[in-house]
1. From A99, A94, A115, grab the single residue that is surrounded by 19 or more Cβ atoms within 10 Å (Cβ to Cβ) and in a loop (DSSP other than H, G, I, E, B).
2. Just to confirm my filter: which helices (runs of 4 or more DSSP H) fall fully inside region 1-80 and include at least 2 residues that are touching a Lys or Arg at 6+ places or on another chain (Cβ under 6 Å) and crowded, with 17+ Cβ neighbours inside 10 Å?
3. Return the residues of region 84-108 that are at pLDDT below 85 and hydroxyl-bearing (S, T, Y); say none if nothing qualifies.
Amino acid sequence: MSIRVLLVDDQALLRTGFRMILQAQPDLEVVGEAVDGADAVRQVAALRPDVVLMDVRMPVMDGVQATAAIAADGALTRVLVLTTFDVDEYAFAALRAGASGFLLKDVPPAELAGAIRAVAAGDAVVSPRITRQLLDRVSLHTPGAVEEAGSREAVLGVLTDRERQVFGEVAKGLSNAEIAGRLYLSEATVKTHLTRVLAKLQLRDRVQVVIFAYEHELLDDR
């Protein structure tokens, strides 16, 4: 079954270029194009694509607002953000709003196709380590979030002890293989625990775990 992709960019030339790249892949299907965020939200509701390739800087409604609207709708559609800058406050705001990753617009075709496949499969495209570093650099930290949410115990109280351990290691940016080595578990078991963590905390992917831990002051730098 093909992965259904919606292209969102206010520049027609870029949309055409991305369409040509994706149509060359046998497992990717471009089902529509949108010229701004508002158009994207309408088309997601109508077409229910698997992945939205979303520009962040657009007129009418930017990619951050559109991503938030798509995530709030509860659809299974994943958002992959495109940006011109590797450190872009818009891109990281989009991650916080529910995007599953971001890429530079000059990404090589093979990497673009691979990223779409990864996001469609439920993975994140941005390294948690990079996300954490750049969250610091663009000053997205919200002081006092942990007081509003209650104590650490209240925030993580829904998790088992093992799930808390996996949560903590993911928040540090470790891969499943690295976590498995640290906790003496199989990678399959780590993946199972992570799936439960995401479901219990209502998070979409690993990047959202990092952001959640950051905003609730749950990161352990020791």
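1. Only one candidate passes the filter, namely A99.
2. Where helices (runs of 4 or more DSSP H) fall fully within region 1-80, none carries at least 2 residues being touching a Lys or Arg at 6+ places or on another chain (Cβ under 6 Å) and crowded, with 17+ Cβ neighbours inside 10 Å.
3. T84, Y90
The values are calculated or read from the model by the stated rules, or taken from the named source; none is laboratory data. Since we're looking at a predicted model, the values are computed, not measured. Don't worry about glycine lacking a Cβ; one is built from the backbone with ideal geometry, like all the others, and counts go over all protein chains shown.
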